[in-house]
Each structure stands twice: as C-alpha cells, then as structure tokens.
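Worksheet: one structure, shown below.
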Amino acid sequence: MASSVWSGYLTFGLISLPVRLFSGARGNHISFHMLHRDDNTRIKYVIIEPEEIKKIEPKTAKAMEILEFVKADEVDPIYFESSYYVTPEEAGRRPYALLCKALEESEYVAIAKLTMHNREYTVFLRPYKGGMMLHTMYYKDEVRELDNFGRPDVELKDAEVKVAHQLIEALAGDFEPEKYHDSFEENLKTLIKARLEGEEVTPVEKPKKMAPVVDLMAALKESLAQVPRKAPQRVEAAQRETEVKAIAKKAKAPRRKHAA
C-alpha cells in the first residue's frame, strides 16, 4: 500500500475530520548532480537540522483549515501545481462524504492552508471520481505575466476559420493519457544503459527547417488532406520517430602502414 505524505485534520466551520494525503501525480525524471570540476565531489549548501525545522512549523502542519469556497470555473488551471488524493480516516468518513457531495453539487472548490515538505501551501480541494483531490497552488507572484500576450489583431477570413475547425475535428481524439510518454527521458535511460555496456545510440533525426506559410488557406487544405491516421496511431507514430536505439560501437579501422 502506498504511504501517505501527510496526515492531520481537515476543518471547515466547526466540523473537523482526520484525513491522509497520497501523492496523485509525480514526475519521474533522471536528475543530474552539480559537481566540482577539480575533484568531482558534490556541491553542498547550508545544512539545517530537522529539530530546527520543527521549531518554526506553523499550525497548518497538522491542521488544514478551509478558508473559503470559490466557483470551480473561476479557478485558472495555471495556478495548479501538484496533485494529491485526500482520503478519510475511519472517524472522518461521514463528514468527508458530505463535503464531497456538497462540492460536487454546488460546483465549488475549497481553498485551504497546509504545511507539508517544509513549506506552507495554499491548496485547492475539489471533488474527483466520488472522492476529493487536493492541488497545491502557485501563488500570484509565482505566476509569470508576459507583455503583449494574446491573439494577434489580424483579420481572419470566415473560410479559413471553417477549414481550421475541420482540421481540428480531423485531428480530434479521446483523452487517453496512457498514450503519451516522455521520449527524451526514455532516450536518456537508453543512453545511460548504452554507455554502461560500451554501446552507442542512434541519433534522432532532426526536424527539417519549416518554410513560412504564404497561403494560409492552401496550407490548411493540404494539412486536412494529410490526416489519414486516427489519433492514437498519429500519437504512436510521432513518439516512435523520436526514439533512439542502442547499437554496438563500430570498431575503428586500423591505420594502414606504408612501406618506407
């Protein structure tokens, strides 16, 4: 059974229920360490003892208080960071079920405070598959703004928009997250394994330089004509094109000796 990453009390009003959090999504990436070039030792920073951390933990380390409820459609997904399953302890099953049902029917999400992993988070609580999901929130100053961002102020023809809709429909498919994977991460694992076994990897073919679109309508129609595969096949083919394979290193040809 998966181990919980946090346990404590979820409170709203005078209602308090014991809950546990389990990681709902986690990146699985190969990480590199920073080393001193001279002796290859790890670069280290200031060391803080666990006892020192406990001294400064806020009260939200063991209690998650709901501060307010907001309409779900008002929350921009850009503020979502990490995801966790919220499960009730035996004593909290009834109020947990009540909160889940109320959130689902009212289309609200709850906003609460929580301390976890040596950091205080503002979090969203939303109904999910009959239970409740928690998402840590990026703070406003963590969300980057980009000047002059938005749709360019250009004139679009109705016919162009119509064909664009047709192209979208032709490329449409059901959302199946299992279809997608991190090709670069898998290639990196293949590269590391090949290095350990004295092999090399086949290079990925670089994309050709794209010419700028001169006739937008012609490009749309040609794109529409080149959609023979269904969505799962297109995804699989696109990801297969970026895969690398390990191969034995080619032996270097011996230098020819010339007679004097």
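Only the coordinates and a few stated rules stand behind these numbers; no lab work does. Small disclaimer: the values here were computed from a predicted structure and weren't measured. Heads up, the Cβs are rebuilt from the backbone with ideal geometry, glycines too, and the neighbour counts pull from every protein chain shown.
Each of the peptides 169-175, 85-91 was scored by the mean count of other Cβ atoms within 10 Å over its residues; in descending order, highest first, they stand as 85-91, 169-175. For the stretch 71-77, backbone phi angles converted through the Karplus equation (6.51, -1.76, 1.60; θ = phi - 60°) give residue-by-residue couplings of 5, 4, 6, 8, 8, 6, x Hz, Gly and Pro being listed as x. When the pairs Lys189/Lys209; Lys62/Lys129; Lys129/Lys221; Lys140/Lys245; Lys179/Lys245; Lys113/Lys179 are compared against a 32 Å limit on Cα-Cα distance, Lys129/Lys221; Lys140/Lys245; Lys113/Lys179 fall above it.
Rounded to the nearest 20, the Cβ-based charge dipole of the stretch 111-240 about its Cα centre (Lys and Arg +1, Asp and Glu -1) stands at 260 debye. If you take all other residues with their beta carbon under 11 Å from the beta carbon of Tyr79, and give Lys and Arg +1 and Asp and Glu -1, the sum is -3.
The slack between Gln166 and Leu67, meaning 0.36 nm per residue of separation minus the straight C-alpha distance, is 31.1 nm. Ranking of Leu125, Leu99, Leu14 by neighbouring Cβ atoms within 10 Å, starting from the fewest: Leu14, Leu99, Leu125.
Kindly identify the stretch 76-154 as rounded, prolate or oblate by the Cα gyration tensor criterion: order the square roots of the eigenvalues as a ≥ b ≥ c, call it rounded if a/c is under 1.5, otherwise compare a/b with b/c, prolate if a/b is larger, else oblate. Cα axes put the stretch 76-154 in the oblate bin.
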